[in-house]
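Asks: Here it is, the structure, as structure tokens.
The values are calculated or read from the model by the stated rules, or taken from the named source; none is laboratory data. In this text the structure is predicted, and so the values were computed from the model without any measurement. Here the Cβ positions follow ideal geometry from the backbone for every residue, glycine too, while neighbour counts run over all protein chains shown. Note: accessible area is taken over every heavy atom of the protein model, side chains too, but ligands, DNA and RNA are not part of it. Shrake-Rupley method; radii C 1.70, N 1.55, O 1.52, S 1.80 Å.
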Amino acid sequence: MEDCLAKKMEITVSEAEKRTGRNAVNMQETYTAYLIETRAVESQSEGQCAPVDSLWRRYSEFELLRNYLSVTYPHIVVPPLPEKRADFVWHKLSADNMDPDFVERRRIGLENFLLRVASHPVLCQDKIFYSFLTQESGWKEMVNETGFQLKADSRLKALNATFRVKNPDKRFTELKHYSDELQSVISHLLRVRARVADRLYGVYKVHGNYGRVFSEWSAIEKEMGDGLQSAGHHMDVYAASIDDILEEEEHYADQLKEYLFYAEALRAVCRKHELMQYDLEMAAQDLTSKKQQCEELATGTVRTFSLKGMTSKLFGQETPEQREAKIKVLEEQIQEGEEQLKSKNLEGRDFVKSAWADIERFKEQKNHDLKEALISYAVMQISMCKKVCLACERPGQCIYRV
């Protein structure tokens, strides 16, 4: 971790800007660009003021970077991006992805994504990632030259692997189940939180009516007028305080959303392992089939029904020369198949070792982050309840003192 990029460079997404331009099909579109600023840490430690480098990136470029990282490092739980469009919103929040509040929260999420990647012991060393942070133009061309899109596995192949793997690794099966459960639990938690926020907002804002009534009442009372006016003021303050409270809550909701999306990153690693196991089993099956064919040709016996065997019966047996030629081809294919199977076995073992090391790192990070977020949320709720009690006491005290 001492060599990670986050230790050598300050990275911030400091600003978001609404822009209008032409897309790939020459149609006008409105989008948001984000300003990435970087500064070398070494110069600052030597007492010098390091210059700030900056460049603008669109959300789609962040997506391209993450897709590249996911394909290039299939054994790694790649940090997720913040949501492209608002989800789990309550009525006061806008689902519009151009809404200033949403854009600001996404800006924070994009910065967090960059810091997560820059802190990862493997991802931080990627040259494409460094270019994303420091190179204004030509970055997309560098990504496309890697050919990462050709390495991406098809959905159909992934689906086949899910249902046709005969000997799945129990650890990855359990991890996949856990990621499904984690996503389900956090989704439910966020939905409940949105409903509570709706109701809480309504309760607080209704108290603003007390402020209006107390103020009107104070105008007709000589002795209690000042007290009622003060009570009305406190009720107004109480009603307005919910905006800051729920804005702070959104911060914790976004932290939970990050791990909602991390669940999919976990599943991606499990799917890749399924695909490797599927390829391994198909290679082993093909090798067994070729060995059987070679044995049948060598002995002249056919163990199982086949079209080739039926053809031989109908049109006569092959000549010894033809059989020898076929045996030679099969022997070469068997040798290649054995080498390929050995290579796939080694690749699979390396993948499991690397993937499990990164999964353990992710588990530590998850436990720390979620524990910290939930404790902070509980402390915030306690503080809010204390303010509610104080807000309810003050109107009575104002009137009592009159």
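Asks: Got the relative contact order for the chain handy, in percent, Cα pairs under 8 Å and 6 or more residues apart? Intermediate results must be reported in sequence, preceding the final value.
Replies: Numbers: 415 pairs, mean separation 72.8, N = 402.
18 percent.
Asks: Calculate, for Tyr178 and Asp244, the FRET efficiency according to 1/(1 + (r/R0)^6) with r their C-beta to C-beta distance and R0 51 Å; round to the nearest 0.05.
Replies: Rounded to the nearest 0.05, the efficiency is 0.90.
Asks: Another question, if that's okay. Please list Trp56, Trp217, Trp139 in order of solvent-accessible area, largest first, computed with a 1.4 Å probe with all protein chains present.
Replies: Working: Trp56 65, Trp217 105, Trp139 5 Å².
Ranked from most to least accessible, the order is Trp217, Trp56, Trp139.
Asks: Determine, from the Cβ-Cβ distance of Lys8 and Ile220 and an R0 of 45 Å, the FRET efficiency 1/(1 + (r/R0)^6), rounded to the nearest 0.05. Before the final figure, lay out each step's value.
Replies: Numbers: r = 69 Å, r/R0 = 1.54.
Step by step, r from the Cβ atoms, then E = 0.05.
Asks: Here's a follow-up. Which order do Arg191, Arg19, Arg199 take when ranked by solvent-accessible area (1.4 Å probe, heavy atoms of all protein chains), largest first?
Replies: Values: Arg191 110, Arg19 70, Arg199 175 Å².
I get Arg199, Arg191, Arg19, largest accessible area first.
Asks: While we're on this one: Name the shape class, rounded, prolate or oblate, that the alpha-carbon gyration tensor gives for region 178-285, where a ≥ b ≥ c are the square roots of its eigenvalues, rounded holds for a/c under 1.5, and otherwise prolate holds if a/b is larger than b/c and oblate otherwise.
Replies: Values: a/c = 9.96, a/b = 6.11, b/c = 1.63.
Taking the square roots of the gyration eigenvalues as a ≥ b ≥ c, region 178-285 is prolate.
Asks: With springs connecting C-alpha atoms under 10 Å apart, model the chain as a Gaussian network and identify which of Leu156, Leu64, Leu55 has the largest mean-square fluctuation.
Replies: Top of the fluctuation ranking is Leu156.
Asks: May I ask you to rank Thr32, Thr146 by accessible area, largest first, using a 1.4 Å probe over the protein chains only? Write out the running numbers ahead of the final one.
Replies: Values: Thr32 10, Thr146 50 Å².
These residues rank, largest area first, as Thr146, Thr32.
Asks: Sticking with this one: Provide the solvent-accessible area of Asp101, counting protein heavy atoms only and rolling a 1.4 Å probe, rounded to the nearest 10 Å².
Replies: Approximately 100 Å² of Asp101 is accessible to the 1.4 Å probe.
Asks: Normalised by the number of residues in region 48-162, what is the relative contact order in percent for Cα pairs under 8 Å and 6+ residues apart? If you can, show how the numbers build up before the last one.
Replies: On the way: 66 pairs, mean separation 32.6, N = 115.
Here the relative contact order equals 28 percent.
Asks: May I ask you to give the solvent-accessible area per residue for region 106-223, in square angstrom, as obtained with a 1.4 angstrom probe?
Replies: Details: 7500 Å² over 118 residues.
That works out to 64 Å² for each residue.
Asks: Sum -39500 (n - 2.57) across every DSSP H segment of at least 4 residues in the chain, then divide by the residue count to get the 222 nm mean residue ellipticity, nearest 500. If you can, show how the numbers build up before the last one.
Replies: On the way: 12 runs with 287 residues, N = 402.
Roughly -25000 deg cm²/dmol at 222 nm, from the helical runs in the chain.
Asks: Specify which labelled value, from [x] 4, 17, 22, 21, 17, 12, 5, 1, 0; [y] 4, 15, 20, 19, 14, 11, 8, 4, 2, 1, 1, 0, 0; [z] 4, 22, 32, 26, 11, 4, 1, 0, agrees with P(r) over Cα pairs in 10 Å bins from 0, in percent derived from the coordinates of the model shown.
Replies: The value matching this structure is [y].
Asks: How many percent of the accessible area of the chain is carbon or sulfur, using a 1.4 Å probe?
Replies: Details: 12830 of 24260 Å².
Result for the chain: 53 percent of the exposed heavy-atom area is carbon or sulfur.
Asks: Based on the Cβ-Cβ distance from Val329 to Ser354, what FRET efficiency comes out when R0 is 30 Å, to the nearest 0.05?
Replies: Numbers: r = 37 Å, r/R0 = 1.24.
That pair, Val329 with Ser354, gives E of 0.20.
Asks: How many nm separate the modelled label positions at Lys127 and Ser343, each set 7 Å beyond the Cα in the direction of the Cβ?
Replies: Output for this residue pair reads 2.4 nm.
Asks: From the phi angles alone, apply the Karplus equation (6.51, -1.76, 1.60; θ = phi - 60°) to region 196-206 and give each ³J(HN,Hα) in whole Hz, x where the residue is Gly or Pro.
Replies: With coefficients 6.51, -1.76 and 1.60, one gets 5, 4, 4, 5, 4, 4, x, 4, 4, 5, 5 Hz.
Asks: Sticking with this structure for a sec: I want to check the label-to-label distance for Gln28 and Val388. Put each point 7 Å from Cα in the C-beta direction and report it in nm to one decimal.
Replies: About 5.0 nm, to one decimal.
Asks: Normalised by the residues of region 191-266, what does the relative contact order come to in percent, with Cα pairs under 8 Å and at least six apart?
Replies: Details: 49 pairs, mean separation 23.9, N = 76.
Reported as a whole number, the value is 31 percent.
Asks: Over what distance in Å are the Cα centres of region 176-208 and region 104-169 separated?
Replies: Here the answer is 30 Å between Cα centres.
Asks: Listed here are the pairs Lys176/Lys344; Lys127/Lys272; Lys166/Lys366; Lys328/Lys353; Lys140/Lys272; which of them are more than 27 Å apart at the Cα? Can you show the working numbers first?
Replies: Details: Lys176/Lys344 22 Å; Lys127/Lys272 23 Å; Lys166/Lys366 31 Å; Lys328/Lys353 38 Å; Lys140/Lys272 25 Å.
Cα-Cα > 27 Å for Lys166/Lys366; Lys328/Lys353; rest within.
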